[in-house]
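A short worksheet on the structure shown next.
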Amino acid sequence: MSRVFIFGGTGFIGSGIAEEFISHGYKVFSLARSEEKEIQLEKNEITGIRADIQETSKWYPIASTCDIIIDASTFNHMDQLLVLEQIKKIKSHDNPNLFAIYTGGLWTFGEHDQVVNEHSKPCIPLGFEFINHRISIQNEYMKIGACVMSPGALYGMSGSYVAQLYFKPILEGKGTYTGYGDKDQWLVTVHRQDLARAYRLAAENPSVAKGQLFIVFSHQEKVIDIIQAAATNEQILLKGIHFLPPDQKDNYTIGLGLSYRADCSKIRNLLKWYPVMPSVVSDISRYMKSYKASNKKDSSKKQVPLSVPQN
């Protein structure tokens, strides 16, 4: 049985990847930094390792026996570097055939007026320089023969980029939408399940995926169309759509305003990856129902006040 170690296995992207590998017969491991996270992993048939990322002595012995290591985490720069250095060590000393996959993102291309592909050079806007560390890390991964996935905006299920940025404001906005971006902004989108399949295909074709960067998305949609479709689905009369300029003191908001048209023919041609999930706009009712159902409180359970903040 092939073994996969996933950093970020309890996260939105990582849990989807784990489900994909498990459903195809792989044994999956992931870190759990709390008892709650460990239980979450076990529910999904993932073997949890109770440790923080810095506690390499607890997870390295297991990671070094795996065939595939995937970083789908939201770790900070130093922790991502730590994972990279441990992967290099495993390849040098324990398992030269280890195949690694790193999760980048379209933000690493910066701001482009033209269609973006894997050969596009980063054009980083002022104030967005923090993304350079991800560019540096993904380049290091490719140098050691790893694969880099650069997914579009995630949709589907409960915790997606699209749901948080567009569905939630529509549902809470009382007839208005307010968010970063502009009326001409484009999103390239990918469903969580389609993205997870891309990781598996790369892992099963390492000779093809080795050292490659793949842009991964299934649809190109205008932000304004998503907003209007969400409002129409909820029978909300939009009185106003207000786009905010980026806050130069908050570099994340610069990313929220980036507009992309992109080309993903490389992953389709090399890995035969063909997404199957409908676009956000074309099946808006399904995706909004999923989001709302995931965020409903269970009225059958008594809500007990908590004495400490919960993450």
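The values are calculated or read from the model by the stated rules, or taken from the named source; none is laboratory data. Predicted, not measured: the structure shown is a model, and the values here were computed from it. Neighbour counts are summed over all protein chains in view; Cβ atoms, including those assigned to glycine, are modelled from backbone coordinates with ideal geometry.
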Might you check whether a residue that is more than 17 Å from Arg134 (Cα to Cα), of a type outside the set (Val, Ile, Thr), touching a residue at least 40 places away in the same chain (Cβ under 8 Å) and crowded, with 20+ Cβ neighbours inside 10 Å occurs anywhere in region 67-88? no
Name every residue in region 155-188 that is surrounded by 22 or more Cβ atoms within 10 Å (Cβ to Cβ) and either among the basic types (Lys, Arg) or under 11 Å from the mean Cα position of the chain (by Cα) (or both), in order of residue number. Tyr155, Ser160
Looking at Gly25, is it closer than 20 Å to Thr103 by Cβ, of a type outside the set (Phe, Trp, Tyr) and surrounded by fewer than 20 Cβ atoms within 10 Å (Cβ to Cβ)? no
When you look at Pro122, is it buried (at least 19 other Cβ atoms within 10 Å of the Cβ), in contact with a helix residue (DSSP H, G or I) (Cβ under 8 Å, 6 or more places away or on another chain) and within 22 Å of Ser265 (Cβ to Cβ), yes or no? no
Pull out all pairs, ordered by first then second residue, where Cβ-Cβ is under 7 Å, the residues are six or more apart or on different chains, the first lies in region 153-166 and is over 17 Å from Lys222 (Cβ atoms), and the second is of a type in the set (Lys, Arg) and assigned to a helix (DSSP H, G or I). Leu154/Arg192; Gly156/Arg192; Met157/Arg192; Ser160/Arg192
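Conditions tested, residue by residue: (1) touching an Asp or Glu at 6+ places or on another chain (Cβ under 8 Å); (2) assigned to a loop (DSSP other than H, G, I, E, B); (3) aliphatic (A, V, I, L, M).
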| residue | (1), (2), (3) |
| --- | --- |
| Gly14 | no, no, no |
| Ala18 | no, no, yes |
| Phe21 | no, no, no |
| Lys37 | no, no, no |
| Met78 | no, no, yes |
| Lys89 | no, no, no |
| Pro96 | no, yes, no |
Which of the residues that make up region 156-177 are small (Gly, Ala, Ser) and in a helix (DSSP H, G or I)? Ala163
Checking Ile46 against (1) modelled with pLDDT of 95 or more; (2) surrounded by fewer than 19 Cβ atoms within 10 Å (Cβ to Cβ); (3) β-branched (Val, Ile, Thr), which single condition isn't satisfied? (2)
